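In what follows, a single structure is set out as structure tokens and then discussed.
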Amino acid sequence: MKKFKKSNYIETLNRRHFLRNCSALALGSSCALGTLGSIQLAHAQTAPANDYKALVCIFLFGGNDAFNMLIPRSTSAYTAYANARQGLAKSSGSLIPISASRQSGADYGLHPALTDVNDLYLANKLSFVGNVGALVEPVSKIAYQAKTVALPPQLFSHNDQQNFIQSLQSTTRRNGWAGRAADILSDMNTNQRLSMNISLSGSNLWQSGAATIPYAIDPSGLKNFEQLDRSSSDERMLARIQAYENILQQGHNHTFANAYAESYTKAWDLTDEVGAALTASTSLSTNFPSDNRMASSLKMAAQMIAARNELSVSRQTFFIGVGDFDTHGDQNRRHDILMSQLNDALKSFYDATVELGVADKVTTFTASDFGRTLSSNGDGTDHGWGSHQIVMGDAVAGGDIYGTMPDLTLNSDDDMGEGRIIPTTSMDQYSATLAKWYGVPGSSFADIFPNLSNFDSTDLGFIKA
Amino acid sequence: MHLRSKILLPLLVSVITSCGGSSSSSVPNPTPTPSPSPTTEPTSAPTATPTPVPTPQSDLYHYLFESAATVDQWQYQRWGGTVDVDISHDNSGAIALSPQWNNADDDKFVIFTNLGGLFDLENASISLDIYIPQAYVDDGTLAFQPFVRDSESYYATIQWEQSQYQTGDGWTTFSYTNIDTIPDNNNPLGWIEEGFRISEVAQIGVEIMSRGKPTSVGGTILIDNIVITPQTPAVTPTPTPPPAPTPTPTVLEADQTPDPALPMPSDDNYQAAATAARFLNQATFGATAKSINTAMSISREEWIDTQITMPQTLQLPILDARVAAIGMEPIRTEELDTEAWQRDLQRSDIWWETAIWGKDQLRQKVAYALSQIFVVSNVSDVLFNDSRGIANYHDMLARHALGNFRTLLSEVTLSPIMGEYLSMIRNEKADPERNIRPDENYARELMQLFTIGLVELELDGSTKLSETDQPIPTYGQDDIKALARVFTGWNHGTVNNWYEWANDGISETLPMKAFRRYHDMDAKTLFGDQTIPAGLTAEEDIEAALDILFNHPNVGPFISKQLIQRLVTSNPSAAYVERVASTFNNNGSDVRGDMVAVVKAILLDDEAINGHISEPTTFGKLREPIMKVAGVWRAFKAQGAPVKHNNGLIINRLRMRATDRELGQRPFGSFSVFNFYRPDYQQPGEIKNADLYSPEFQIMTESQIVSSTNRLSNNVFWRDTEEDWPKSEEVGQDWDSYPSQLYLAEEKSLAGDRAALLDRINLLLLGGQMSAVTYNNILAYMDSQSVEGWLWRPMIYDTLFLVSISPDYAVQQ
């Protein structure tokens, strides 16, 4: 037991846990977990920590209107944009001008709230990927109208598109691409109890694989069971804990009761383990804005990354889902606030990765249900298709716009109607580019990115060579 | 008013009216008073009273301009050119208009005022006096005409008058009688916009135009004595006041009366009690000793029939009474942001008190199920400070929970709360000039989530397949666009103008009202062949569209299956769904959508009654966290916690508004319209591998497991009303969550017999279904604990807590 040196807290916790379970049970699962956890916590101290990578997905639930996030500035393109958007158009003078060498000299501008995003863009820490969307295969307007092309199921429906974006699968029995990646890569993490996939926003398809279930933590931090506190020395508490462990460890006839018992067991053990690791890890000094759920979720993700050595993990994904992007009404006011929150959250999170020395090991990207209609319904927009996304981190080849930017003229060849823009880059391509950096072997791409082979390029180039 | 016309006017009106037809009369006014002059009017000018100044005794609407305040109620708007106008009060008692003409060809402006109601001007008369400086008469290019607008700003002009025919530097009275919209020679109305309703005139004004007049020609124009004489009495102005007689609020109070003894497992009637408890856990927010006792003695159907006759607990009147009790105005004409939090805390308390203490349990349970289908949520700020509206929305769901689904669809659709939540409110028809098209939000979710779903279904709820074995989409984007056009032209019931927003407490509870100007009147075709003809009103369009959706064969299986999932089991057999869906389609008396029949079909089905025996490993559902807390609160008679309000009032409340944080869900607090969880969610692992659905697992994440367990334990430990600690509790009025005290007298009386205590808890919470291993483990724990002195109390708490977080209680079987 002399290996317990992380802190007195952990030592006490684990020793008690170990002793209690092993004395009371033959060899229950908790006992084994306690032992393993202790050994690996100790192991983490000496293991080289250089090999670490994290993918952070910021999912903008509801469908972000990215056509008001990244906006053409050249005269004719801006005119087309302004004509299409009417009262929703951002004034050209308000845009933050950026240049993008890959868009052959076309001028673009950022939503005026994205001042820090602009700084990151200028510093080559952040790029945009233009007109990404849910595609099974490349789609032209003619093929769309003639119905001669395979499409993702139920375009324009929120949950179906969230499912497709996260799973890239058209079947009804799905799992997520980060889940499938974790199924393959989970051996890379010494810690086999903690899921490779950490969610700050509860259950999600993206991180669920055949064998992988995301571990959900609350942005406000980890709390322990108040009446089942294994670190307590209260006799009654310990007896109660024993009784409940006995109940959980029984086989339960009902499938749901069994799944419930498993979830409780896992939650309980991981709360102890992750809580101890967070306590032992360095605390962040980077300032995160308050009253910004995206930022507080990212802050918790950063704290988990700070504890990567204590947790003995070398690959992690984080899922941060934030809502309210479904701006059917009152869009001008609401979307400005959302852009401002996105700007502040990205800025603080990037700064935190610098503080932790992992800016090149953490790649952050946005995703969303879909883009929105260019045309207005009076004071908002409806469900669209293609949309622009942000990728951020020192591994990103920053300061550029990747992909093919669409023509924003209503009824152009890029518009399938009402300004629903046909994507020119698929989510499979976007995701595969990220996954390649993360370490998913090319041999697994066909399984993880089922539509990828329908597209010419499997690497969009936004990760540094 | 200026002096002379005050005397002149009644005479004129009577004279001209008697002439029959319309005419404009130029009467030279012998006493021009364009410049300030000493007035003989009383100096005690009226204070700023609301306009208009009605003179009800003769039905005259009379603008006299005696004070500056009355002039302030008139607005000026430039309609062309570059003219600017100073509007002021002339001391002679008139409105003075001093235009800065800029010699533009189209210089034109209007002054206008709202009448403060809607008036029927059929056969009415309008007259006004105008004073025109001589320069305009000499030049002759100035023209003016009165106009009116209706409730939706549809516009009708009266008649152009030209300055060259007027008397310069003098007053002229123009009078127009027998106004109607019939296009004949007798009609004083000039141009009438299509759609103008003469029966709903809301605004009057005067247009003044000068085309290409030299800038040297100018001077102050005075207008006075604008009089409307309705032929028929004014129609009732909107807004309509809320329904006057507020129902007497139902009294919601905790149960403090002793329970009947419950049968023990050895008793003959134990099985009947267990069966009753199981049934009550499906049909109510949780079994209680008293409800078990009642349900044991009658059939399920008799129990349901009794429940149907229970008066509905109405949350809105209770909310209004509570808000008043804590010192706020219940229904404000201008709601205050600063009150929003307190109002919503009261609303949330009342939701919980209805669920736990309400007598109409079945209705409320079905309403809660419906609230997870027809989702509205104030998580998004769209419904900020709409607590009255949400309470009323709940009451509406509860009203139709045992009514008819078709009526429910109408009421949901016209609810201003749903209107705001899914942005149907102020959704206007396409306007090519502004390049806008109708909002698709409500149209899409109404089909996807509230009625027919995405793909065609068999009657048994399974997906219908095409010849190529593919699911068949129920609708396409064209259907969304057509349906979006149906839902155009609706705004709050209290507003009279399209672009008005309502910020009052009444509008939240009134059905939306149609504004035909913004409604798309063209034909709409749904599903390829179902056409709603052109020319229907907004109201008729909605009814036609809802009829089409309601009669779609998907509705029965789509809604029935979800209601089964909410009440009974996550994985109903196809045959069970088919039986309920058939009842939805026809209750036996050729009525479709009869909710009582549907609820009976769900709860009286053999699968609901015996599923736990026939499918012991899969039947039932995960108890969602709200139902776990509700079950404990009902079984152990939650008494609330004493909330101390700033006005000194202390009342026991069930204060649980923070449940989105603590339980992962909150009534009317879903993250999106897709509810807390999807009906087809499959928990990864053995549930998904078995291809089972498990909606409630979607929110059972690690963090929720910890926080909801803490919430349960907080409610159990040391909270019984006998203890000293609860007696001294005080809950701050702004706190959003606080454990309730429990009434544990019966449990304490059983403390000496641990098995009897556990049996009672098993029966109440689990319908006697606790597994032997769980039972034995808990009993062993109880046996291991001393009950000496005060120690029997924590033994009871431990037992309650362990049962409430056991895998057995987690699943309602």
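Observations, loosely collected:
- With respect to (1) free of Cβ contacts under 8 Å to residues at least 12 places away in the same chain; (2) more than 10 Å from every other protein chain (Cβ to nearest Cβ); (3) part of a loop (DSSP other than H, G, I, E, B), the lone exception for B:PRO679 is condition (1).
- Some residue of region B:430-451 being touching a Pro at 6+ places or on another chain (Cβ under 8 Å) and either open to solvent by less than 10 Å² (accessible area, probe 1.4 Å) or not small (Gly, Ala, Ser) (or both): no
- Some residue of region A:245-252 being touching a residue at least 60 places away in the same chain (Cβ under 8 Å), open to solvent by 10 Å² or more (accessible area, probe 1.4 Å) and more than 9 Å from chain B (Cβ to nearest Cβ): yes
- Hey, B:SER749 under 27 Å from B:PRO258 (Cα atoms), surrounded by fewer than 18 Cβ atoms within 10 Å (Cβ to Cβ) and either within 11 Å of chain A (Cβ to nearest Cβ) or at pLDDT below 95 (or both) or not: yes
- Filtered by the rule that a residue be within 10 Å of chain B (Cβ to nearest Cβ), surrounded by fewer than 21 Cβ atoms within 10 Å (Cβ to Cβ) and in contact (Cβ under 8 Å) with a residue 12 or more places away in the chain, region A:326-338 gives a lone residue, A:ASP330.
Residue-by-condition table, conditions (1) more than 30 Å from A:ALA432 (Cα to Cα); (2) within 14 Å of chain B (Cβ to nearest Cβ); (3) open to solvent by 10 Å² or more (accessible area, probe 1.4 Å); (4) of a type in the set (Lys, Arg):
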| site | (1), (2), (3), (4) |
| --- | --- |
| A:MET69 | no, no, no, no |
| A:SER76 | yes, no, yes, no |
| A:SER101 | no, no, yes, no |
| A:PRO112 | yes, no, yes, no |
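- Qualifying residue in region B:98-114 (condition: more than 39 Å from the chain's Cα centre (by Cα), closer than 29 Å to B:GLY489 by Cβ, modelled with pLDDT under 90 and assigned to a strand (DSSP E or B)): no
- Residue within region A:178-186 that is open to solvent by less than 20 Å² (accessible area, probe 1.4 Å) and at the interface with chain B (Cβ under 10 Å from one of its Cβ atoms) present: yes
- Every condition in (1) open to solvent by less than 20 Å² (accessible area, probe 1.4 Å); (2) under 18 Å from A:ASP218 (Cβ atoms) is met by B:GLU662 except one, and the failing one is (1).
- Criterion violated by B:SER784 - all others in (1) over 24 Å from B:LYS290 (Cα atoms); (2) surrounded by 14 or more Cβ atoms within 10 Å (Cβ to Cβ); (3) without any contact (Cβ under 8 Å) to a residue 24 or more places away in the chain satisfied: (2)
- The conditions of being open to solvent by 10 Å² or more (accessible area, probe 1.4 Å), on the phi < 0 side of the Ramachandran plot and at the interface with chain A (Cβ under 10 Å from one of its Cβ atoms) are not met by B:SER806.
- From the list B:PHE119, B:PHE112, B:PHE174, the one residue that fits, being among the aromatic types (Phe, Trp, Tyr), under 26 Å from B:PRO188 (Cα atoms) and either surrounded by fewer than 20 Cβ atoms within 10 Å (Cβ to Cβ) or free of Cβ contacts under 8 Å to residues at least 40 places away in the same chain (or both), is B:PHE112.
- Just so you know, in region A:158-177 the residues that are of a type in the set (Ser, Thr, Tyr) and over 20 Å from A:THR366 (Cβ atoms) include one that is most open to solvent (accessible area, probe 1.4 Å), and it is A:THR172.
- Condition check for B:GLN741: away from chain A (no Cβ under 14 Å) and within 35 Å of the chain's Cα centre (by Cα): yes
- Among residues of region A:215-235, those that are part of a loop (DSSP other than H, G, I, E, B), open to solvent by less than 10 Å² (accessible area, probe 1.4 Å) and of a type outside the set (Phe, Trp, Tyr), counted: 3
- Evaluation of B:ILE298 against (1) closer than 24 Å to B:LEU742 by Cβ; (2) of a type in the set (A, V, I, L, M); (3) open to solvent by less than 60 Å² (accessible area, probe 1.4 Å) (one fails), failing number: (1)
- Note on region A:254-286: among residues that are of a type in the set (Gly, Ala, Ser) and without any contact (Cβ under 8 Å) to a residue 24 or more places away in the chain, the one that is most open to solvent (accessible area, probe 1.4 Å) is A:SER283.
- Selected residue (criterion: nearest to the other protein chains (Cβ to nearest Cβ)) from residues of region B:381-415 that are farther than 28 Å from B:GLU339 by Cα and among the hydrophobic types (A, V, I, L, M, F, W, C): B:LEU409
- Residue list for region A:228-244, restricted to those being under 16 Å from A:GLY275 (Cβ atoms) and facing chain B (nearest Cβ under 10 Å): A:LEU228
- Number of residues in region B:616-650 that are within 12 Å of chain A (Cβ to nearest Cβ) and basic (Lys, Arg) equals 3.
- Test: residue in region B:483-501 that is basic (Lys, Arg) and either farther than 30 Å from B:GLU194 by Cα or more than 14 Å from chain A (Cβ to nearest Cβ) (or both): no
- Checklist (1) of a type outside the set (S, T, N, Q); (2) closer than 30 Å to B:TYR693 by Cα; (3) open to solvent by 20 Å² or more (accessible area, probe 1.4 Å); (4) modelled with pLDDT under 95 applied to A:LYS147, failing item: (2)
- Checking B:TYR421, B:TYR442, B:TYR518 one by one, the residue that is aromatic (Phe, Trp, Tyr) and either farther than 22 Å from B:VAL673 by Cβ or more than 18 Å from the chain's Cα centre (by Cα) (or both) is B:TYR518 and no other.
- Counted residues, region B:485-513 - those being closer than 18 Å to B:ASN441 by Cα and small (Gly, Ala, Ser): 1
- Residues that are open to solvent by 20 Å² or more (accessible area, probe 1.4 Å) and either within 14 Å of another protein chain (Cβ to nearest Cβ) or closer than 14 Å to A:ASP107 by Cα (or both), drawn from region A:407-418: A:ASP407, A:THR409, A:LEU410, A:ASN411, A:MET416, A:GLU418
- Residue in region B:702-717 that is in a strand (DSSP E or B), surrounded by 21 or more Cβ atoms within 10 Å (Cβ to Cβ) and touching a strand residue (DSSP E or B) at 6+ places or on another chain (Cβ under 9 Å) present: no
- The lone exception for A:SER199 - which of (1) modelled with pLDDT of 95 or more; (2) out of contact with any Lys or Arg (no Cβ under 7 Å at 6 or more places or on another chain); (3) more than 8 Å from every other protein chain (Cβ to nearest Cβ) it fails: (3)
The values are calculated or read from the model by the stated rules, or taken from the named source; none is laboratory data. Treat the numbers as computed from the prediction; the structure is a model and nothing was measured. Cβ: placed from backbone, ideal geometry, glycine included. Neighbour counts: every protein chain shown. Side chains are part of the model used for accessible areas, which takes the heavy atoms of the whole protein and leaves out ligands, DNA and RNA. Shrake-Rupley method; radii C 1.70, N 1.55, O 1.52, S 1.80 Å.
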